[in-house]
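Notes to accompany the following structure.
The values are calculated or read from the model by the stated rules, or taken from the named source; none is laboratory data. Note that the structure is a prediction, hence the values are computed from the model and not measured. Here Cβ is always computed from backbone atoms with ideal geometry, including for glycine, and neighbour counts include all displayed protein chains.
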Amino acid sequence: MKLIRVLPLLAVLSLPLAARADVAEPAPVPLAFSEFFKRPVGPRGLEPTPRLISLAGTPIVIEGFLARTSEGQSSLILSPVPVLLGDEDESLADDLPPSSVHLHLLQPALRAAIAQCDGRLAVQGVLGIGPRREDDDRISFVRIDVRSARCLGG
């Protein structure tokens, strides 16, 4: 008897998310760079805030500046301030703030639109946290699987 009652529930749960009319994707939660790490920095170094940890895996929206890089770098990095990264003499010891976030594009067509933005950028996507080696050999702690981006300008 109990198995019969569970089967319809399992059938609904196994449907793709887009096929479920009753399940709406949650609205993105605003996140600020200042909410990434506890302040002041303690003896253990940078520690993620409870808010950052609680938002892992959820849709967020954040505003920042695309870190400008030398030609050939594949990573897109959003920073709280405008930054120019160079590999000639700095390598990985550059001016990138610790609260920067790596952008992972779900749609490759977004790369050109993001790269053309000269100013503040609003990015919406799913937040991921935890150490991970990126394509540019940096170790990221915060990343976003980008669903959309909008240039806010100057």
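Points worth noting:
- Taking each residue of the range 139-151 that is more than 12 Å from A113 (Cα to Cα) and looking for partners that are modelled with pLDDT of 95 or more and outside any strand (DSSP E or B) with beta-carbon atoms closer than 8 Å, six or more apart or interchain, yields V142/F36; V142/L52.
- The residues of the range 103-131 that are under 18 Å from L52 (Cβ atoms) and either exposed (fewer than 14 other Cβ atoms within 10 Å of the Cβ) or of a type in the set (V, I, T) (or both), listed by number, are V123, V126, I129, G130, P131.
- Here is the figure for the range 51-78: residues that are at pLDDT 90 or above and polar (S, T, N, Q) total 2.
- Within the range 32-63, the only residue that satisfies the criterion of being on the phi > 0 side of the Ramachandran plot and part of a strand (DSSP E or B) is G45.
- Any hit, the range 80-90, residues being modelled with pLDDT of 95 or more and not β-branched (V, I, T): yes
- Within the range 130-149, the set of residues being within 13 Å of A67 (Cβ to Cβ) and either outside any loop (DSSP other than H, G, I, E, B) or polar (S, T, N, Q) (or both) comprises just one member, S140.
- Just one residue in the set L103, L127 is within 11 Å of A149 (Cα to Cα), at pLDDT 85 or above and in a strand (DSSP E or B); that residue is L103.
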